[in-house]
Amino acid sequence: MLNLMRLEMKKYHLGSYVKNAVIANLVILGLMFMILFISKIEGDPGLENYEVALSVIDSFVRAVFIIFAATLIAKLIIGEYKFKTITLAFMYPISRKKLIAAKLAIVMLFTFSMIIISNAIITTIFCIVSDRFELIPDVLSNSLIIQHIPSVFMNAIAASGIALIPLYFGMRKYSIPTTIISSIFIVAVTSSNTGNFTLNDIIIIPITLAIIGLGIAYLAIRNVEKVDV
């Protein structure tokens, strides 16, 4: 399975996605400082403490990489079916189920690792700059960071499952735009902020969505032999 994943990553030049992830991190970081800047100009509390700031960073990161995952699904799976290139792959002496499982494993691993790494990088830079220039009227404590780490890991695990949901919509008509648009819709629904509250804060919702995503992936693997190519 690992060799198959390695071959798939090499085949699709997934290193370019890492470069795009770096650009996305810079954009998120820029947005965070823009929020601070605008809130100071308007006299609005905005990011009133580090707890809120870390939560906003995590929300931005998860939203971005769930959409990234949809583009990966579109490239590794939906596009292959749409343009019939999957037929050639299925001619190799490799189980169809293993091939699709490897592709989905790449999507989940990429989503999980990028969420963790991006959270660490953006949070570190943001907190260092904010503390240096006293941009947030709060003191960053070690206890807050320690409390935040398990939350980031749990959210990353849930997001890795949620990121698979667009597979269902994309596979219906082998539509790349539908795959990506469905991920944007999922992000909009789960991450929309109302008074510092999102649906993702209700723990049962991300868990349920993650289970649905894993269920969709399981069905895609199980039924791959029945799919017309």
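The values are calculated or read from the model by the stated rules, or taken from the named source; none is laboratory data. Owing to the predicted nature of the structure, the values given are computational and were not obtained by experimental measurement. Here the Cβ positions follow ideal geometry from the backbone for every residue, glycine too, while neighbour counts run over all protein chains shown. These accessible areas exclude ligands, DNA and RNA; they are computed on the full protein's heavy atoms, side chains included. Shrake-Rupley method; radii C 1.70, N 1.55, O 1.52, S 1.80 Å.
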Mean residue ellipticity (222 nm) of the chain, computed from DSSP H runs ≥ 4 via -39,500 (n - 2.57), nearest 500: -25000 deg cm²/dmol
Provide the packing ranking of 159-169, 68-78, 96-106, 125-135, i.e. peptides ordered by the mean count of other C-beta atoms within 10 Å per residue, highest first. 159-169, 68-78, 96-106, 125-135
Pop out the carbon and sulfur fraction of the accessible area of the chain as a percent, whole number, probe 1.4 Å. 70
Would you please give the FRET efficiency between Lys84 and Lys19, computed as 1/(1 + (r/R0)^6) with r the Cβ-Cβ distance and R0 = 25 Å, to the nearest 0.05? 0.30
Point-to-point label distance, Ala188-Ile207, nm (Cα→Cβ direction, 7 Å offset): 2.9
Sort the stretch 4-129 into rounded, prolate or oblate with this rule: let a ≥ b ≥ c be the square roots of the eigenvalues of the Cα gyration tensor; rounded if a/c is under 1.5, and if a/c is not under 1.5, prolate when a/b is larger than b/c, oblate otherwise. prolate
Roughly how tilted is helix 50-73, in degrees to the nearest 10 and between 0 and 90, from the longest Cα axis of the chain? 20
Where Rh is the Kirkwood radius over Cα pairs, Rg/Rh for the stretch 2-222: 1.02
For a quick check: with amide H placed at 1.01 Å from N, whose amide H comes under 5 Å from Ala163's, ignoring anything fewer than 5 positions away on the same chain? none
Proximal aspartates and glutamates to Lys103, defined as alpha-carbon separation beneath 20 angstrom and excluding residues fewer than eight positions away on the same chain: Glu8, Glu80, Glu225, Asp228
Tell me, what is the per residue accessible area of the stretch 157-226 in Å², probe radius 1.4 Å? 55
Sorted by average packing, counted as other Cβ atoms within 10 angstrom per residue and highest first, what order do 56-66, 146-156 take? 56-66, 146-156
Angle, helix 2-11 long axis vs. longest principal axis of the chain, Cα atoms, 0 to 90°, nearest 10? 80
Here is the link list: Lys11/Lys98; Lys75/Lys97; Lys11/Lys75; Lys19/Lys82. Which ones come out longer than 20 Å on Cα distance? Lys19/Lys82
With an 8 Å Cα cut-off and a minimum separation of 6 or more residues, compute the relative contact order for the chain in percent. 28
Against the longest principal axis of the chain, how steep is helix 15-42, in degrees 0 to 90 to the nearest 10, with axes from Cα atoms? 30
The answer for the stretch 1-47, accessible area per residue at 1.4 Å probe in Å², is 68
Protection proxy (average C-beta count within 10 Å per residue), highest first, orders 33-39, 10-16 as 33-39, 10-16
